[in-house]
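The values are calculated or read from the model by the stated rules, or taken from the named source; none is laboratory data. The shown structure was predicted, so the numbers you read here are calculated from the model rather than taken from an experiment. Glycine also receives a Cβ, built like all others from the backbone with ideal geometry; neighbour counts cover every protein chain displayed. Accessible surface areas use protein heavy atoms only, side chains included; no ligands, DNA or RNA. Shrake-Rupley method; radii C 1.70, N 1.55, O 1.52, S 1.80 Å.
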Protein chains: 2
Amino acid sequence: MKQIEKITPQKENFARWYTDVVQNGDLMAYGSTKGSIIFKPLSYGIWQNIQQNLDKEFKKLNVKNVYLPLLIPENLLNKEKDHLKGFNPELATITEVGGKKLSEKYFIRPTSETLFCDFFANEVESYNDLPLILNQWVNVLRWEKTTNPFLRTREFLWQEGHTIHATKKEAMDLTKKMINVYHKFLKDYLALPTIIGRKTEHEKFAGAEVTLTVEAMMKDGKALQSGTSHYIGQNFSKPFKIAFKNINNEEEYAYETSWGVSTRLLGALIMAHGDDRGIIIPPKIAPIQIDIVTLFANKNEGVLEAAKNIKKSLSKFRVELDSSDKMPGFKAANSEIHGTPIRIEVGPRDLETNEVIIVRRDTLEKIKCLIENIKEKVTKLLDEIQTNLYEKALERLNANFVVCENWEEFEKAISEQKFAVTLFEGNGEDEVKIKELTGASTRCILPKNSFNFKKSKCFYTNKKSNRIVIFAKAY
Amino acid sequence: MKQIEKITPQKENFARWYTDVVQNGDLMAYGSTKGSIIFKPLSYGIWQNIQQNLDKEFKKLNVKNVYLPLLIPENLLNKEKDHLKGFNPELATITEVGGKKLSEKYFIRPTSETLFCDFFANEVESYNDLPLILNQWVNVLRWEKTTNPFLRTREFLWQEGHTIHATKKEAMDLTKKMINVYHKFLKDYLALPTIIGRKTEHEKFAGAEVTLTVEAMMKDGKALQSGTSHYIGQNFSKPFKIAFKNINNEEEYAYETSWGVSTRLLGALIMAHGDDRGIIIPPKIAPIQIDIVTLFANKNEGVLEAAKNIKKSLSKFRVELDSSDKMPGFKAANSEIHGTPIRIEVGPRDLETNEVIIVRRDTLEKIKCLIENIKEKVTKLLDEIQTNLYEKALERLNANFVVCENWEEFEKAISEQKFAVTLFEGNGEDEVKIKELTGASTRCILPKNSFNFKKSKCFYTNKKSNRIVIFAKAY
């Protein structure tokens, strides 16, 4: 295996820091296909914990899991034109099998709206069959030109929820409910504060009427779209003929939503919490919550035995024991780069007084602890670390909003990699132009009055405005 | 939704019975692509339970989960010729993206040996890095010509374990260990007795040295290969250059294994346990263990309330309540076709004496039970059903072995859809011939002396033989 190499400090070059930690922290390796990555046990373990916990939240809302096929026949994707246009350049296309040309082309799913719609059309006859609230945990593929581990890879893993409803209101309510599920989940499990808002026309999902988003802030000040929930309305149900008899026995088209989070979340948690020693994984989703490391076990028989007993006493946590003969400094660095929330050092000197040293990964604080108190102490510390990670991230988020009332303020905020809070009435072309000039894109539209402005005027077009829009550079 | 339609009796036409129950039992729908299916909530729920429980068994053996890419570049698959030859006719091939031709072709993984090997080659330097014991839960695709829901579909879900080791012995031990994990898991969770054996040269996995298999018997007497574990040796490690410095500091090629079970298991459990009323799901992996159905709740206020209280008291189980106004007969049939292990009927008459009726799905026995005893009774019944399903399947398996010492006995056994136990020294060509004549293929080679024969002679070639081989028609 590769040795731990030097990690570029975040302040020196954040992008290089990121590449260093994901590779040296055993999170990923590059795959055999360009733009693809291998999820190693550590990153896949985090994803599995995200999956299991988020799935529990879904179940509380009666979401049922299904599995739909990977391939979309060409004729199916052609049915909704905006959707096709949005995805077409990135579609991996199967044209042959075993060297023989097929009569029809198939696309690897970039998302599964069309497949779900085709399925829904056969499942629904009357309002009694509604709502259908389905979800799947799958791989999808979009042939991106520039890629970045976890953040933008040609293939990624995600969940995609797809629902149909008898009324517009019910579908819109579900769209909102799901974005709130994401918001709370990211807070509670990933210690990630996010802003809920609506995407502009220019940034919304290809085929949706409304796209809601949760936007997070990374340590370098850039934004990361962390989850989206779309109200699709009847945009797909009409071409796909998802019709049902409503309560008045009239034929009506169903109202649809879709929503998803992906393995981008791994990128989010790395860049929101990591430091110059490596990543920091929030305890609730850490595949390993505690590393027990022995110090000088080869010189003292009691050390290994004590370490094993401690491991046993902590069996309700996810614990690993490193009892190798490697140097203490190496073992510490190894635990730190992998982001394990707590490290327990068991060495001969402290054993004399029945103590061990507990090291917090978030603050690097070293705490002496009697072995008999260890379970209680660790329970408390894991909670504290989870809370502390969230609070630090929230503090940073709040400190980096800048209300911008004119172009100068806006340019300055963006050049400092902050979230520019603006009044904005521009259209898609304006957004393209602003991005060319500053690198910033609209992240979301916020509820009215969530920030105070002196003037009711768009910072860019000078039109009258009270639409609050956040701009930021983004991943 | 579709109404429950008539199910063809098993005795009348087993294949049609199967198609009827998988469709009417809400297990699947046909996908938009020919040969593909949609896993509906019930079948996907069973698969999720298989996944979670089997994953726990893997974790006990220190198996780590990873995720490798979906696509295999053409040059990679070309490296191991037998393997390529085995899969080539079924390879779905990506030749273009967004309408533009690619310079290299990519295959959708039919299995991931080549991808793992490419990864292993970069990860391993010395014997200290070994063993690597990895697994992934993924979709794979093989462009099959004839398909059958769950049993043979172009795309299916599976787990594929891939390991490398420093010695042949260690790799061979792991190959055996994993087939035993499958054997025990199928017994304990799917109530499915299986025979462990070795595949013949003709039937083994393309690229393996040894293929071990667990073979189950369906209700119609046909065999179903339910899991395999391959000792691959150095067949891939040489072309892929997975070399390491061994303990004597000499360069050596690693020894490899791979092993998997797939969503075929859903087909196995349907055909091993189902009856003319529908499927029967073993309690341990049933997404819904108990259906509570109300009878005449619209005529008696107490019924719904009692049903809700019972549901609450059974919260440690997976329970659903059907309190609709549908007719009692319809509700019963609905629960039965979906294979829920236990149904509890709550009706006005029994409530007068604080009782309910519990119906076992396996025996259809109706049991009166005082509401206060219900939790205890259900706990016991679920255990009994799990055991009973296994015992009935085992009894059937044991009753349908036929020792065949000559061609006449063999032909008779196969025509009666039994497992023909033979002494067999034939080669691959003989196997092809026998299959043409009778429809039967070799299922596996059994350990010596596991059955008694009068003569030590091959039933087909008349050569001297003590190699015990099972033949059967198979899915």
The correct count of residues that are part of a helix (DSSP H, G or I) and over 18 Å from A:Glu201 (Cβ atoms) in the range A:412-470 is 7
Within the range A:31-54, of all residues that are modelled with pLDDT under 95 and more than 8 Å from every other protein chain (Cβ to nearest Cβ), the one most open to solvent (accessible area, probe 1.4 Å) is A:Lys34
In the range A:100-136, anything of a type outside the set (A, V, I, L, M, F, W, C), in contact (Cβ under 8 Å) with a residue 12 or more places away in the chain and open to solvent by 10 Å² or more (accessible area, probe 1.4 Å) is listed as A:Glu104, A:Lys105, A:Tyr106, A:Asp118, A:Glu125, A:Ser126, A:Tyr127, A:Asp129, A:Pro131
The lone condition A:Arg396 fails out of (1) modelled with pLDDT of 95 or more; (2) open to solvent by 10 Å² or more (accessible area, probe 1.4 Å); (3) outside any helix (DSSP H, G or I) is (3)
Filtering the range B:41-78 for residues that are in contact with a Pro (Cβ under 9 Å, 6 or more places away or on another chain) and part of a strand (DSSP E or B) leaves a count of 3
Quick check, is A:Leu77 at the interface with chain B (Cβ under 7 Å from one of its Cβ atoms) and open to solvent by less than 30 Å² (accessible area, probe 1.4 Å)? no
Selection from the range B:56-71 of residues touching a helix residue (DSSP H, G or I) at 6+ places or on another chain (Cβ under 6 Å) and at the interface with chain A (Cβ under 7 Å from one of its Cβ atoms) yields B:Lys64, B:Asn65, B:Val66, B:Tyr67, B:Leu68
*For the range A:24-36, state whether one or more residues are assigned to a helix (DSSP H, G or I), free of Cβ contacts under 8 Å to residues at least 60 places away in the same chain and in contact with a Lys or Arg (Cβ under 8 Å, 6 or more places away or on another chain).*
no
Would you be able to say whether some residue in the range B:246-258 is surrounded by fewer than 18 Cβ atoms within 10 Å (Cβ to Cβ) and either of a type in the set (Gly, Ala, Ser) or outside the structural domain of B:Val210 (by the TED database) (or both)? no
From the option list A:Lys375, A:Lys418, A:Lys368, A:Lys380, single residue qualifying as farther than 30 Å from A:Asn13 by Cα, in contact with a strand residue (DSSP E or B) (Cβ under 6 Å, 6 or more places away or on another chain) and of a type in the set (Lys, Arg) is A:Lys368
Among B:Gln10, B:Gln3, the single one that is open to solvent by 10 Å² or more (accessible area, probe 1.4 Å), modelled with pLDDT of 95 or more and assigned to a loop (DSSP other than H, G, I, E, B) is B:Gln10
message = Taking the conditions exactly as written (open to solvent by 40 Å² or more (accessible area, probe 1.4 Å), assigned by the TED database to the domain that holds A:Lys79 and at pLDDT 95 or above), does A:Lys241 satisfy them or not?
response = yes
Out of (1) under 15 Å from B:Ala297 (Cα atoms); (2) hydrophobic (A, V, I, L, M, F, W, C); (3) free of Cβ contacts under 8 Å to residues at least 40 places away in the same chain, the one B:Leu370 does not meet is (1)
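Residue-by-condition table, conditions (1) surrounded by 15 or more Cβ atoms within 10 Å (Cβ to Cβ); (2) over 32 Å from the mean Cα position of the chain (by Cα); (3) free of Cβ contacts under 8 Å to residues at least 12 places away in the same chain:
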residue: B:Pro348; (1), (2), (3): yes, yes, no
residue: B:Glu352; (1), (2), (3): no, yes, yes
residue: B:Ile357; (1), (2), (3): yes, yes, no
residue: B:Glu365; (1), (2), (3): no, no, yes
residue: B:Lys375; (1), (2), (3): yes, no, no
residue: B:Leu382; (1), (2), (3): yes, no, no
For A:Val97, the lone unmet condition from (1) within 10 Å of chain B (Cβ to nearest Cβ); (2) free of Cβ contacts under 8 Å to residues at least 24 places away in the same chain; (3) open to solvent by 20 Å² or more (accessible area, probe 1.4 Å); (4) not small (Gly, Ala, Ser) is (3)
Within the range A:85-94, residues at the interface with chain B (Cβ under 7 Å from one of its Cβ atoms) and either over 29 Å from the mean Cα position of the chain (by Cα) or among the small types (Gly, Ala, Ser) (or both) come out as A:Ala92, A:Ile94
Discussion item. Is it the case, given these coordinates, that B:Asn139 is surrounded by fewer than 22 Cβ atoms within 10 Å (Cβ to Cβ), facing chain A (nearest Cβ under 10 Å) and at pLDDT 95 or above?
Written reply: yes
Taking the range B:323-346 and the residues there that are surrounded by fewer than 17 Cβ atoms within 10 Å (Cβ to Cβ) and of a type outside the set (Gly, Ala, Ser), the one that is farthest from the chain's Cα centre (by Cα) would be B:Asp325
Kindly establish whether A:Leu212 is aliphatic (A, V, I, L, M), open to solvent by 10 Å² or more (accessible area, probe 1.4 Å) and more than 21 Å from A:Leu130 (Cβ to Cβ). yes
